[in-house]
Amino acid sequence: MAVFGVGSTLSSQSAQVGAPLGVHPSAPIPVQGPSIGTSVRVALGESGFDVFPLILGGAEFGWNVDLESSHAILDTYAELGGNAVHTSDSFSSGRSEHIIGQWIHSRGLRDEVVLAVRVGGHADNPGLGSVNLIRSVEASLTRLRTDRIDVLYLDATTDTTSALEDTLATAEWLVETGKVRTIGAVGYTPAQLVEARIYSSAGFPRITVLDVPFNVLRRHEFDSDLRLVAGAQGMAVTPSHALEHGFLAGRQRTRLRGALSVRGAQIAANLNRRGSRTLRALDAVGSELGVPDAAVALGWLLAQKLVTAPIVNAYAPQHVEELVQGVGVRLSRAQLADIARAAE
């Protein structure tokens with residue numbers, strides 16, 4: 001198991017030579033420079049981008065997490081080697097994009113960050129019709145204070161009427177003008193993805209990234225047909241809801257009294273026998289490896305075929321530190337089977 005961090009130190013033996021004046025020669029010297037995590041990259045399918053195997057989601061920014069805390073979370077993620085951030089024009093009615101855009105601009109990190117945006121759900125420009133799709137992208141670019149979106153996720157769950165050909169034709173224009181670099185998909189059926197690949201032979205952009213709400217409790221979301229199409233087309237799969245709205249982090253295990261928040265209700269939905277069995281399995285593996293449940297849940301997800309980089313939200317910098325440990329977790333076949341069996 002490997003854990004990535006920024007607090008590495010040299011041993012006292014290697015610190016004895018050239019120790020600064022006033023510092024005891026046996027004191028460790030902090031290692032200066034980039035985190036170990038900056039060298040950990042995976043290809044994002046055929047998009048041309050290499051990303052850290054954990055994409056930081058911005059769904060909580062501007063909603064449950066304020067601007068200052070959001071920037072602290074983003075700073076921690078970048079310090080630990082992360083380089084891919086995901087948001088949506090519908091997250092907090094665009095406030096998430098504002099917060100991320102301000103962070104990228106103030107830190108001067110635009111060229112270092114792979115910026116992924118899901119569109120189709122904003123109330124001002126709903127759906128994937130040509131006019132609203134262009135307006136959505138332009139509005140997102142303004143909020144994000146950038147001239148390009150690296151991965152544009154087309155959210156088919158928000159629009160069942162727009163013709164796929166028209167949507168892809170508009171995406172082609174967005175790519176040709178440099179406003180978008182590559183195309184991703186959310187909520188498309190296997191048949192639609194096959195149809196999209198046929199259109200790509202006519203010059204339309206290929207869908208290179210696929211977002212599926214997938215975790216150990218939601219294995220049915222990534223069914224055999226979708227897996228077959230994604231694998232045949234060489235898509236990078238970036239599962240959302242990787243921790244099932246935070247339930248798999250294991251922090252809340254009992255039902256709360258009174259009215260529940262949206263997040264509380266989502267967690268409460270899994271407070272049953274199946275959910276409890278799953279958390280106990282994560283506890284057992286986490287105890288063996290010395291890592292938190294969230295890291296074990298991500299380790300299980302990263303061990304699944306086709307999964308490239310889960311999209312995970314965080315509420316505090318310390319949560320990011322826990323999540324990043326999942327990138328270094330290597331589960332045995334027995335451990336993977338125990339967790340899957342508990343979640344059945």
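The values are calculated or read from the model by the stated rules, or taken from the named source; none is laboratory data. Everything quoted here is computed from the prediction, not taken from an experiment. Glycine also receives a Cβ, built like all others from the backbone with ideal geometry; neighbour counts cover every protein chain displayed. To get the accessible areas, we keep the full protein, side chains included, count just its heavy atoms, and leave off ligands, DNA and RNA. Shrake-Rupley method; radii C 1.70, N 1.55, O 1.52, S 1.80 Å.
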Please report Rg (one decimal) and Dmax (integer) in Å for the Cα set of the range 34-73.
13.5, 35
The chain, accessible surface, carbon-and-sulfur percent (1.4 angstrom probe)
52 percent
Using every alpha carbon pair in the range 195-344, what percent of pairs falls into each 5 Å bin from 0 up to the bin containing the largest distance?
2, 9, 18, 20, 19, 13, 8, 5, 4, 2, 0, 0
Using alpha-carbon positions, the gyration tensor of the range 192-264 gives root eigenvalues a ≥ b ≥ c; with a/c under 1.5 called rounded, otherwise prolate if a/b exceeds b/c, else oblate, the class is prolate
If one compares the long axis through the Cα atoms of helix 130-144 with the longest principal axis of the Cα atoms of the chain, the angle in degrees, nearest 10, works out at 30 degrees
For the range 81-110 versus the range 145-203, the gap between their alpha-carbon centres in whole angstrom:
21 Å
So, counting K/R as plus one and D/E as minus one, what does the shell of residues with Cβ under 11 Å around ARG118 add up to?
-4
Calculated from backbone phi, Karplus (6.51, -1.76, 1.60) coupling profile of the range 330-344 in Hz, x at Gly/Pro:
10, 8, 6, 4, 5, 5, 4, 5, 4, 5, 5, 5, 5, 8, 6
Could you sort 148-158, 330-340 so that the peptide with the highest average Cβ count within 10 Å comes first and the rest follow in order?
148-158, 330-340
Under the Karplus relation 6.51 cos²θ - 1.76 cosθ + 1.60, θ = phi - 60°, what is the ordered set of whole-Hz ³J(HN,Hα) values for the range 75-87, x standing for Gly and Pro?
4, 4, 4, 5, 5, 8, x, x, 9, 9, 10, 10, 8
Please work out the average accessible area per residue across the chain, using the 1.4 Å probe convention, and give it in Å².
45 Å²
The answer for the per residue Cα convex hull volume of the chain, in Å³, is 164 Å³
